[in-house]
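Let me begin by presenting the structure, written as structure tokens, before commenting on it.
Only the coordinates and a few stated rules stand behind these numbers; no lab work does. Remember, predicted model here, so these are calculated numbers, not experimental data. Using ideal geometry, Cβ is built from the backbone for each residue, glycine included, and neighbour counts are taken over all protein chains shown.
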Amino acid sequence: MIPADVRIIAATHKDLREESRLGNFRSDLYYRLNVLIIEIPPLRERSTDLPLLVQHFLQRQGSIVGRSLAITAEALDALGQYSWPGNVRELENMLERVTYLTTKPIITVDDLPLEFRRPPDAAMLHTTALAEEKVEPIIAVSNSTVKVLKDHSMNAEAQAILQA
């Protein structure tokens, strides 16, 4: 036997004490893990953290794609209006997706997926009606655009692999 000194850091959205009481989680494991509990509210309850998280993720993503990235105050405000059911991981994944789909250094509201945008003005009523009916508008994309997106995605993936 080789002695080892380890610490386990675990995260969950469930109440492990209650799960243990209900028999859905092993009590002995709960008491082994229950050394220090840090409760962090979901992102939707701590909107003041959003600007710092966005800045962090954009800096990290910028180093992957090889360019500086920023976000407008209006786009940041639009992100603050969203409920973030997927919490911080949803924010990180959305920002990664946006940086792959735009070549601009500054992310605007128009670069965000539809669910993150503010309520539309009168010019956008048609698009809003389609979204409410769960009908996706048809967007024409040329073969050259697809090739550029594919090349950009492959380059970013290669950079991420090299960094890892």
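List the GluC sites (Glu not before Pro) within segment 1-72 that fall in a DSSP loop (any state other than H, G, I, E or B) and whose Cβ has at most 15 other Cβ atoms within 10 Å. Walk me through the numbers on the way to the answer.
Working: sites: 18, 19, 39, 45; in loops: 39.
Listed in order of number, the matching sites are 39.
Quick one: putting +1 on the C-beta of Lys and Arg, -1 on the C-beta of Asp and Glu, what dipole do you get for segment 40-122 around its Cα centre, in Debye to the nearest 20?
So the magnitude is around 220 debye.
Given H placed on each backbone N at 1.01 Å, which residues far from residue 71 in sequence or on other chains put an amide H within less than 5 Å of it?
Those qualifying (amide H under 5 Å, at least 5 residues apart or on another chain) are 107.
Can you work out the Karplus-derived ³J(HN,Hα) for every residue in segment 15-21? Use 6.51 cos²θ - 1.76 cosθ + 1.60 with θ = phi - 60°, whole Hz, and x for glycine or proline.
Those phi angles translate into 7, 5, 4, 5, 4, 5, 4 Hz.
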